[in-house]
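Data block below; observations after.
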Amino acid sequence: MPLDEMLVFARVVEYQSFAGAARQLGLTTSAVSRSVGRLEAHFGLRLLQRTTRSLSLTEAGAEIHQACLRLVEDAQAVQALAGQLRQQPRGLLKISAPAVLGDLWLSPLLPGFCARWPEVQVQVDMTDRMVDLVAEGLDLGLRISMPGQIAPGLVARPLKTIRYVLVATPGYLARHEAISAPEQLLAHPFISLGYGQFQNEVELRPLHPAAAPATRLLVNTPITIASSLGIIHALQQGPGIGVV
């Protein structure tokens with residue numbers, strides 16, 4: 001069905017001229033005239049009687065005009081619905097987030113979000129693995145990653161800068177010689193996150209970049225846990241140093 005031509009035809013009848021419809025639609029008068037001509041050709045009917053001074057509907061044109069008016073009303077209703085959806089989001093929002101980031105940063109934001117948008121229901125799945133948003137039916141994924149790790153076809157926006165840090169229990173540090181140089185870390189067992197690009201590679205950067213260059217080390221990782229929270233729990237048993 002030539003829907004665009006039907007909408008144009010309805011405007012021509014409403015404004016009783018090709019020129020008036022053209023101004024309202026942001027088209028040229030000749031474009032409006034050609035549109036009505038295409039509609040007449042499609043139906044094989046003459047819809048308008050044209051003179052140099054006026055337009056009038058044929059009998060067939062009057063009947064088709066009523067159907068076109070319903071089409072215009074439906075189009076306006078769809079436009080109004082879209083406007084409402086833009087102003088008032090509704091429905092189920094399915095989010096995937098890393099466990100610790102979800103616990104500490106995302107979760108406290110959710111009550112305020114739902115208070116602002118009461119017609120939205122939020123469902124959060126917390127996992128540190130890289131999920132497939134499309135395959136798992138998710139709307140939004142919060143991920144700690146580099147720009148090059150974003151899958152093609154996804155739209156990404158940076159939210160926060162995340163630093164990884166080395167941690168150990170006071171008891172573990174008390175039992176070993178104080179660490180004063182990066183290379184001394186090689187003598188210690190590590191618990192690593194074991195995902196992403198770094199695996200068991202650790203890049204140490206000084207707090208003040210001008211103080212010293214970054215140092216990269218391949219550390220001993222007898223244990224890998226794909227969760228910072230899991231690493232924290234494991235470290236409480238004192239097995240070494242963790243990357244979280």
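The values are calculated or read from the model by the stated rules, or taken from the named source; none is laboratory data. The shown structure was predicted, so the numbers you read here are calculated from the model rather than taken from an experiment. For accessibility, only protein heavy atoms count, side chains too; no ligands or nucleic acids. Shrake-Rupley method; radii C 1.70, N 1.55, O 1.52, S 1.80 Å.
Take every Cα-Cα pair in the chain and report what % of them are more than 31 Å apart. Walk me through the numbers on the way to the answer.
Numbers: 16546 of 29646 pairs.
Percentage above 31 Å: 56.
Tell me the relative contact order for the chain as a rounded percent, counting alpha carbon contacts under 8 Å between residues six or more apart.
The normalised contact order for the chain reaches 14 percent.
Compute the relative contact order of the stretch 36-77 as a whole-number percentage, counting only Cα pairs closer than 8 Å that sit 6 or more residues apart in sequence.
Working: 23 pairs, mean separation 10.6, N = 42.
In percent, rounded to a whole number, it is 25.
Dividing the convex hull volume of the Cα atoms of the stretch 1-44 by its residue count, what figure in Å³ per residue is obtained? Numbers along the way, then the final one.
Working: hull volume 2.4 nm³, N = 44.
Taking the convex hull of the Cα positions in the stretch 1-44, it is 55 Å³ per residue.
If I ignore ligands, DNA and RNA and count only protein heavy atoms, how much of Thr28 is accessible to a 1.4 Å probe, in Å² to the nearest 10?
Approximately 80 Å² of Thr28 is accessible to the 1.4 Å probe.
Over the chain, what percent of the accessible surface lies on carbon and sulfur atoms, probe 1.4 Å? Present the calculation step by step, with values, prior to reporting the outcome.
Working: 9040 of 15820 Å².
Carbon-and-sulfur percentage of accessible area, whole number: 57.
Taking the solvent-accessible surface of protein heavy atoms with a 1.4 Å probe, what is the per residue accessible area of the stretch 86-244 in Å²?
Working: 10570 Å² over 159 residues.
For the stretch 86-244, the solvent-accessible area averages 66 Å² per residue.
Starting from the Cα gyration tensor of the stretch 1-119, take the square roots of the eigenvalues, sort them a ≥ b ≥ c, and report rounded, prolate or oblate (rounded when a/c is under 1.5, otherwise prolate if a/b is larger than b/c, else oblate).
Values: a/c = 3.99, a/b = 3.74, b/c = 1.07.
Verdict is prolate for the stretch 1-119.
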